[in-house]
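First the structure, in the form of structure tokens, and then the observations on it.
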Amino acid sequence: EAVIPTPAPSPYTPTRTEREAHESTNLPFRSWCPVCVQGRRDNPPHRRIQRGDGEDHRLPELHLDYAFLRRSDSDVLAKLLVMKTVPSRAMRAMMVPSKGVADAATAERVFRAVKEMGIRPPCVVKCDGEPAVEALREELVGRLGAGAAPQNPPVGESQSNGVVENGVKLLKGLIRVHVLALERKISARIPAEHPVLAWVAEAVGYLATNYLRGQGG
């Protein structure tokens, strides 16, 4: 008996209309889109997840994490705060001048974003064991008031925060995609410290929210 080979997928060339429609958001991932491939090559396409009975009735959860963005030709690190809620799947991303709560204006911006995401007590606020993000979590719990509870990762897993880590990966990929797409259109390189990166970061948070809700992820 011979082993039956699996045929390679047939090549597909999208129409101009399909390309223009895709470029408006660059969602979902498309292997024929060069900026999708370059910006999100580590991110597989997202599929709808079947949720168990009663899962959407648990307390709302807010997950927090920090990430860094750096252009390949620069040593400048842009600090990014990523927030994701469960079960609503809302996401937000914002550039911050520093981690933690040293900047009072940043703490206020984050709190406003949390309220816009629909988080109200009773709720749970989760993060990993990094002191800076824990300090921000405690600040948010205090501002949210009675009924908001902090939650630490399991013992021995201080870096465990998979919900938001997946969101960080998605958002960083989308930011790269949209910056690359913008650079192609303007035929110029955008520096790592340029304010447009902050605008892109906040915009893709809304895009990711709509995308994840549509995909069930």
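So how much slack lies between residue 25 and residue 194, counting 0.36 nm per residue of separation and subtracting their Cα-Cα distance, in nm?
Stretched out fully, the residue 25 to residue 194 stretch lengthens by 58.7 nm.
For residue 37 and residue 79, what is the calculated FRET efficiency with R₀ set at 25 Å and r taken between the beta-carbons, to the nearest 0.05?
Given R0 = 25 Å and the Cβ-Cβ separation, E is 0.40.
Which of the lysines could a cross-linker span from residue 115 if the Cα-Cα distance has to be under 19 Å and same-chain partners fewer than 8 positions apart are dropped?
Qualifying lysines at Cα under 19 Å: 84, 126.
Say R0 is 35 Å: what FRET efficiency, to the nearest 0.05, do residue 18 and residue 146 get from their beta-carbon distance?
The value I calculate is 0.10.
FYI, it's all coordinate maths here, none of it is from the lab. In this text the structure is predicted, and so the values were computed from the model without any measurement. All Cβ positions, even for glycine, are placed from backbone atoms using ideal geometry, and neighbour counts span all protein chains on display.
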